[in-house]
1. Being open to solvent by 50 Å² or more (accessible area, probe 1.4 Å) and in contact with a strand residue (DSSP E or B) (Cβ under 7 Å, 6 or more places away or on another chain) is the filter here, so list the residues in the range 17-41 that pass it.
2. Among the numbered conditions (1) within 15 Å of the chain's Cα centre (by Cα); (2) closer than 17 Å to Gln102 by Cα; (3) surrounded by fewer than 15 Cβ atoms within 10 Å (Cβ to Cβ); (4) of a type in the set (A, V, I, L, M), tell me where Leu78 comes up short.
3. Taking the residues in the range 47-70 that are aromatic (Phe, Trp, Tyr) and open to solvent by less than 40 Å² (accessible area, probe 1.4 Å) as candidates, determine which candidate is farthest from the chain's Cα centre (by Cα).
4. Out of the residues in the range 84-128 that are open to solvent by 40 Å² or more (accessible area, probe 1.4 Å) and touching a His at 6+ places or on another chain (Cβ under 8 Å), which is modelled with the highest pLDDT?
Amino acid sequence: MQHSLSKSEKLCSRTKIEQLFADGQSFARFPLRIVYRIHPSEATNEQPQFFISVPKRKFKRAVKRVWLRRRVREAYRLHKEILPAMPQHTIDMAFLYIASEQTNYAVIEKSMVEILQKLASNINKDIL
């Protein structure tokens, strides 16, 4: 099993991000909130794309924002296989850090696992 994150998995397109927040669904498991959008894919077996946001309003220092972003990214990287394969669809996701203070990695990882499991069940209900 290979745990890696490629450039193609990062959500960078401004139009896709705007569509995500305009049409997406969301739910939260403290300290994370996910906004996601399932849509038909142009290519077969297109990978899910994501980005991570840590608010500057709550964490003034860039060091803390980067610290949190790295922990959320690592939790996603290790547990992304929870998401089911969708041959004709793909998913765009935004992970938003909603806590007011830094939390340790164990809490972030537990939250990520719960979010991905709930997202997988929502995908199975909606698509499959």
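The values are calculated or read from the model by the stated rules, or taken from the named source; none is laboratory data. Every value quoted in this text rests on a predicted model; they were computed, and no experiment measured them. FYI the Cβ positions are ideal-geometry reconstructions off the backbone, even for glycines, and counts take in every protein chain you see. Side chains are part of the model used for accessible areas, which takes the heavy atoms of the whole protein and leaves out ligands, DNA and RNA. Shrake-Rupley method; radii C 1.70, N 1.55, O 1.52, S 1.80 Å.
1. Listed by number, the residues that qualify are Gln19, Phe21, Asp23, Gln25, Ser26, Arg33, Pro40.
2. (2)
3. Once the filter is applied, the top-ranked residue is Phe59.
4. Going through the qualifying residues, I end up with Glu109.
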